[in-house]
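Report on the following structure.
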Ligand code: F6P
């Protein structure tokens, strides 16, 4: 691969960091953690959120070099250009302005010469009014019943962010109180099993469907939308769509063509990337219907607080910048291809799935922003589970197998405190004991000498040894409220942008998802022709042709055995 001229590898800082790896390799975290001044310099705090990155395989010198790299890659300028509404998503010729979605009403954020904040607030006000009317029973279903259940149809960014926030809010006492008697469900997969799960126990009379799609063309979402429309109208009649279906999209023309009154559509804009859209109507509408607008507004305020910090704080104490630089260090210099997201809160169980899309769709790129093939890897393989469940699953590999930098996210005050009398600590404390223990276990490890001193037989010593020196960082949040959920979201959004800015890629396009989509269209076409015209499958390689024929014939046989028809309408329906 040729190198991106003028790119990161040509910077002096990159070369210095490369040679610095040799010095770092000689150091062990157990020694680094003994250096109090170093540790103090690696603990930062902003608006209640504490970041401890003293368990990174890095020294203060490493960070000076990383700041120099940030300077040479013009990080400050790139952040300013993002906030300034420049078309930094150059392959789609769009600005990247999700920060405008949570800006205060009086803020001014210009996009192509126009302040976009007033129109953001116009839609927010419309959502506040609509969600209040639904929640208070002023907006009723076609048979006059209140709409207590919401099904949000969407996929990718039109699903994962809202699901993460919903899951994080549902056990928060203030949110739970306002959600009483209401349900929020998501339908994302085109697999009809997902529809079966979602529809279980729902009644058309009390269900409001929110179709969420930036483009309003995503095949899975539109098929699910038609499925839900059929479900509604088959019982309540075609006119019920007006009361039971609303939409969130940038494409209001297609919303109208689908049969939804534009008055019942909630707009957002091309300058919001799908995976960065949870603060738009994509997340705000379903969440406001479930938890009330005030809670969602708090969530937006939390995100906005991080936006201000990200924009102005010096890099030395800028949480998203520090986190982004840590990731670049681990991926590009220490050669760690993955990152584990380990929240010690069950309420954050959907955080890692959201970060998977946010990070991997943003930074999993093979060329620089100017289209030159990259001579280095970008992005991480993100995965994760809440602690302590993950400990009983994949932590073995993290402790004794591969080196996976870990993000531990802990909460000081549980959403659901519980203490059983006679127990040494509360249930949440027990959880948090693991949060603290795991980070140190990874850093320190356990030596053969320590094991022998404990009387471990020689044959078991190699199996029970831990090398340690495995990097992690810890984020400690005061509580898990709508506000801190918003902060956490924005910290990661900006961290991922920082990584992309340093790597010199476009973190805001996603061309890599297109090829599979168009090939699925080709398969769909052949399936349809085979079934309706008996046309032989063609145009694929031997493998695909053989498997596709096996699928088509297998399904036809199963249905002809049951219904005595081959091929038939039945097959098409199933
Ligand atoms: O699969 C790619 C993608 O374009 C994501 O980036 C996006 O979040 C998702 O599909 C859904 O797109 P839409 O909101 O347009 O339905």
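The values are calculated or read from the model by the stated rules, or taken from the named source; none is laboratory data. This structure is a prediction, so every number in the text was calculated from the model and none was measured. We place every Cβ from the backbone using ideal geometry, glycine too, and count neighbours over all the protein chains shown.
Of note:
Table: residues versus (1) surrounded by 16 or more Cβ atoms within 10 Å (Cβ to Cβ); (2) farther than 29 Å from residue 412 by Cα; (3) without any contact (Cβ under 8 Å) to a residue 12 or more places away in the chain.
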position: 26; (1), (2), (3): no, yes, yes
position: 60; (1), (2), (3): no, no, no
position: 64; (1), (2), (3): no, yes, yes
position: 71; (1), (2), (3): no, yes, no
position: 93; (1), (2), (3): no, yes, yes
position: 103; (1), (2), (3): yes, no, no
position: 108; (1), (2), (3): no, yes, yes
position: 114; (1), (2), (3): no, yes, yes
position: 117; (1), (2), (3): yes, yes, no
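- For segment 241-251, the tally of residues that are surrounded by 24 or more Cβ atoms within 10 Å (Cβ to Cβ) and within 14 Å of the ligand (Cβ to nearest atom) stands at 3.
- Reported count of residues in segment 117-165, each being more than 16 Å from the ligand (Cβ to nearest atom) and closer than 24 Å to residue 231 by Cβ, is 18.
- Selected residue (only one of 230, 235, 218 is crowded, with 16+ Cβ neighbours inside 10 Å and either at pLDDT 95 or above or within 28 Å of residue 520 (Cβ to Cβ) (or both)): 218
- Verdict on residue 442 being touching a residue at least 12 places away in the same chain (Cβ under 8 Å), under 25 Å from residue 34 (Cα atoms) and crowded, with 18+ Cβ neighbours inside 10 Å: yes
- Residues in segment 252-278 that are closer than 26 Å to residue 363 by Cβ and either within 14 Å of the ligand (Cβ to nearest atom) or surrounded by fewer than 22 Cβ atoms within 10 Å (Cβ to Cβ) (or both): 10 in all.
- Residue in segment 168-183 that is out of contact with any helix residue (DSSP H, G or I) (no Cβ under 9 Å at 6 or more places or on another chain), in a helix (DSSP H, G or I), more than 19 Å from residue 209 (Cα to Cα) and away from the ligand (no atom under 15 Å from the Cβ) present: yes
- If you check 324, 335 for being more than 16 Å from the ligand (Cβ to nearest atom) and at positive phi, only one passes: 335.
- Residues (within 16 Å of the ligand (Cβ to nearest atom) and surrounded by fewer than 17 Cβ atoms within 10 Å (Cβ to Cβ)) located in segment 500-537: 511, 512, 513, 514, 515, 516, 517, 518, 519, 520, 521
- From the options 109, 88, residue that is modelled with pLDDT of 95 or more and not assigned by TED's automatic domain parsing to the domain that holds residue 273: 88
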